[in-house]
Amino acid sequence: MNLWIAAMAALAPALLSPDGGRRRKVLLAMADSAFPAGALACGDMAGRAALVVESRIDGMAFPMRIALGILLKLFDWSAVASCGCRFAEASRSARRRHESMACRWKPIPFAELLRLVRTLSLMVCYDDPGMRRSLTYTEPEAQR
Amino acid sequence: MTQAVSQPGARHVVIGSGAGGATTARLLAEAGEEVLVIEEGPRLSSADFAGSKIDLMGTLYRDGGVTPIFGRPNIAFGEGCCVGGSTVINGALLWRPPADLLARWESQYGLAGLGSAEMDARLAWLERELAVSVQPERDVNRASWLLADAAAQLGWRSELAPRGQRGCRNSNRCPTGCPTGAKQSMLVSFLPAAEKAGARIVSGIEALRLVVRHGRAVAVEASKGGQTVRIDGEFFWVCGGPMQSPRLLAASGIKAGAGLGLHLNLKVVARFDHDLAPHQGTIMAVQVKEHADRGILLGGSNFDPVYLAATLASHGTEVVERVAADWCRSSIFVAQFKASGRGSVGRMPFADRPLPRYSLTGDDIATARLALERMAELLFAAGARELFLPIVGSPPVHNLDTARQIAGAATAARLDVLSVHALASCHSALDSSGRVRGLANVVVNDASMLPEAPGINPQLTIMAMAGRNVQRHLESAS
């Protein structure tokens, strides 16, 4: 088990508390950090986000999957370096590593992968019934 | 090498069950032919479409709706992968191909009969069968009316959109399947009709390659539950869609995949001062066609917090949370334009998967900038207070001058582009009846057989062209 997963597992009791708002905030922070793998340790909703992202990625083109695998490895490292904070706030050395890898793998669209993971994480978050209730969003069909 | 297990075949094997495949299957079956349809994706019913949108996207779409088209920028392409194909997840917009477009295709590409009364009659039949009509005005949602009113104010042309629906209940779930069965997707229209006429439909079978002997296809090799199966037939109708059909032909030793055409989508979120109830009423009921001569169409897009979050994702979570918190005042709009260049669908190295490629041309970037400027003009005329443009790293926009500046400076790398219409990727390998050159008993009969992107929602064009090819086949066989 890598350090990031271990750190998240240690935080799991707090994340699994009935306070849905807090869990949502964690997931949103993950959307910002575009880091779904760590979400596996974070309870139902975040875990679902990770599974959705991973299942989408399973169907993705082969080089994209390889790229994402590498990317997630890199995020493991940078996320530990930044104590789970947002990727944008990750340490300079971590960012330099990303940039050098991105250069080496120039044909692989890292920025798009980040955007994809962020988008999917947000979609899962806003698909959550608790979140929709908090927004007072009611399905049109249900109003009939 | 593992021996393929034989699976019962048919005289006609139709590979794929979307707009092209379902039309092919129905017309052949109703002509008394023996038909088997094989479909890679699952078969669901309308009742299955009421669940979680994100789960349904994983079930109904290929790659969960984000097949990448590689290029500059990379484009997220969405297509259906289920019984009924993309007709299950589209907006049911069924525009007739303009007569001048068909006449041009006839003369430019040698596609005889496109400008004929017979084609006109076929389109009229399709419109009747799919119950094509404009939505009753009382059902049209407020965002669509805002667009129509703003267009009138600017002196721009707009139209109520024709949709294939019977008693739409405005459940606003078109992209994840209609839970009421009102949308006339192939799942509830042409495929049941084909079955009634004797066609068999088997889901969960992915065609891998055609087995070719002495210049004729004799079988299709497919994967079913991890097992390789062989399905024999006399005629093969390749209807796997714009990505899978060229992949199947290439896997069968036939050169295809050049000339990929696309419609490109740019989504804009607009915030207003007043409550729009953006989830109520028919969403895609109005199209602003003032700039259709530049290939630009402006309209509304489906609304849900999920889609709102996805559309705003590149603006950061803070923006997503702020806009979602009073979602009633926001709506999502889309500018669609026809790509000016041609891409390709190759094969992924070391994997039997399509590798689509397209990079925006200089003309595309100019059209994208113009489309965003016009959309901003329209939305500010409609009373919008804040716009979020699909340009990575762009700030919220509060007036037209700033929108023009930002849109005018957009580069290919920063544009956030989607597509749900890919076409023409097999045309170069086909004769004028859709037959694969060098394989007389294989016809490509889906979006990939069109000669180019039509510039309108293409379902009706695909179905009409598929019907034409079936008719020509039946005439030549009799």
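The values are calculated or read from the model by the stated rules, or taken from the named source; none is laboratory data. What you are looking at is a predicted structure, and each value in this text was computed from that prediction instead of being measured. Quick reminder, even Gly has a Cβ in these numbers, built from the backbone with ideal geometry, and neighbours come from all protein chains shown. With ligands, DNA and RNA removed, areas are computed over all heavy atoms of the protein, side chains included. Shrake-Rupley method; radii C 1.70, N 1.55, O 1.52, S 1.80 Å.
By accessible area, using a 1.4 Å probe on protein heavy atoms only, the stretch B:51-142 has 52% of its surface on carbon and sulfur. Each Cα pair under 8 Å and six or more residues apart adds its separation to the average, and for the stretch B:332-478 the resulting relative contact order is 16 percent. Would you be so kind as to identify which of B:GLY259, B:VAL229, B:GLY240 lies farthest towards the positive end of the dipole of the stretch B:220-269, taking Lys and Arg as +1 and Asp and Glu as -1 on Cβ and the Cα centre as origin? Farthest along the dipole direction, towards plus: B:GLY259.
What do you get for the angle between helix B:362-381 and the principal long axis of chain B? Use alpha-carbon atoms, 0 to 90 degrees, nearest ten. So the inclination is approximately 50 degrees. When the trypsin sites (Lys or Arg not before Pro) in the stretch B:197-260 are filtered for DSSP coil states and for at most 10 other beta-carbon atoms within 10 Å of their beta-carbon, no site remains.
Where in the stretch B:433-457 does the label zone of B:VAL218 land, with the point 7 angstrom along Cα→C-beta and an amide N cut-off under 18 Å? It comes to B:439-442, nothing else. Taken over chain B, the alpha-carbon convex hull comes to 137 cubic angstrom per residue. Calculated on C-alpha atoms, the gyration radius of the stretch B:91-166 divided by its Kirkwood radius gives an Rg/Rh of 1.09. With only the Cα atoms considered, the stretch B:281-423 has a convex hull volume of 145 Å³ per residue.
Suppose a student asked you for the relative contact order of the stretch B:1-127, using Cα pairs under 8 Å spaced at least 6 residues apart; what percent would you report? Taking the mean separation of contacting Cα pairs over the length of the stretch B:1-127, I get 19 percent.
Measuring against 30 Å, Cα to Cα, the residue pairs B:LYS196/B:LYS289; B:LYS255/B:LYS338; B:LYS183/B:LYS255; B:LYS196/B:LYS338; B:LYS196/B:LYS267; B:LYS255/B:LYS289 contain B:LYS196/B:LYS289; B:LYS183/B:LYS255; B:LYS196/B:LYS338; B:LYS196/B:LYS267; B:LYS255/B:LYS289 as the ones spanning a longer distance. Computed from Cα atoms, the angle from the helix B:117-129 axis to the main principal axis of chain B rounds to 70 degrees. Per residue, the accessible area of the stretch B:46-204 comes to 38 Å², computed with a 1.4 Å probe over protein heavy atoms only. In square angstrom and rounded to 100, what buried accessible area do you get between chains A and B, total over both, with the probe at 1.4 Å? By this definition, chains A and B bury close to 3300 Å².
For the stretch B:9-89, what does the alpha-carbon gyration tensor say about shape, rounded, prolate or oblate, given a ≥ b ≥ c as the root eigenvalues, a/c under 1.5 as rounded, and a/b over b/c as prolate? It is oblate, given that a/c is not under 1.5 and a/b is not larger than b/c.
How large is log10 of I(q)/I(0) for the stretch B:343-478 at q = 0.12, 0.18 Å⁻¹ when the intensity is taken from the Debye formula with one equal scatterer per alpha-carbon? Cα-only, vacuum Debye calculation for the stretch B:343-478: -0.68, -1.01.
Principal axis extents of the Cα atoms in the stretch B:1-149, from largest to smallest and rounded to whole angstrom, are 64, 44, 39.
Counting only other residues whose beta carbon sits under 13 Å from that of B:ALA251, what net charge do I get with K and R as +1, D and E as -1?
Taking every Cβ under 13 Å from that of B:ALA251, the sum is +2.
With an 8 Å cut-off on Cα pairs and a minimum separation of 6 or more residues, tell me the relative contact order of chain B in percent. Reported relative contact order: 23 percent. Here is the list for the stretch B:30-135: trypsin sites (Lys or Arg not before Pro) lying in DSSP coil, each with at most 16 other C-beta atoms within 10 angstrom of its C-beta, are B:ARG43.
Here A:THR136 sits with roughly 110 square angstrom of accessible surface, probe radius 1.4 Å.
Selection among B:ALA412, B:GLY299, B:VAL319 by position relative to the dipole of chain B gives B:ALA412 as farthest towards the positive end (Cβ unit charges, Cα centre). Counting only alpha carbon atoms, the long axis of helix B:241-251 and the longest principal axis of chain B meet at about 40°. Within the accessible surface of the stretch B:147-292, defined with a 1.4 Å probe on protein heavy atoms only, the carbon and sulfur portion equals 46 percent. If Lys and Arg each add +1 and Asp and Glu each add -1, what is the summed charge of the other residues whose beta carbon sits under 10 Å from the beta carbon of B:GLU34? Surrounding charge for B:GLU34 is 0.
Note on B:SER45 and B:ALA121: their simple-model spin labels are 3.8 nm apart, each label 7 Å out from Cα toward Cβ.
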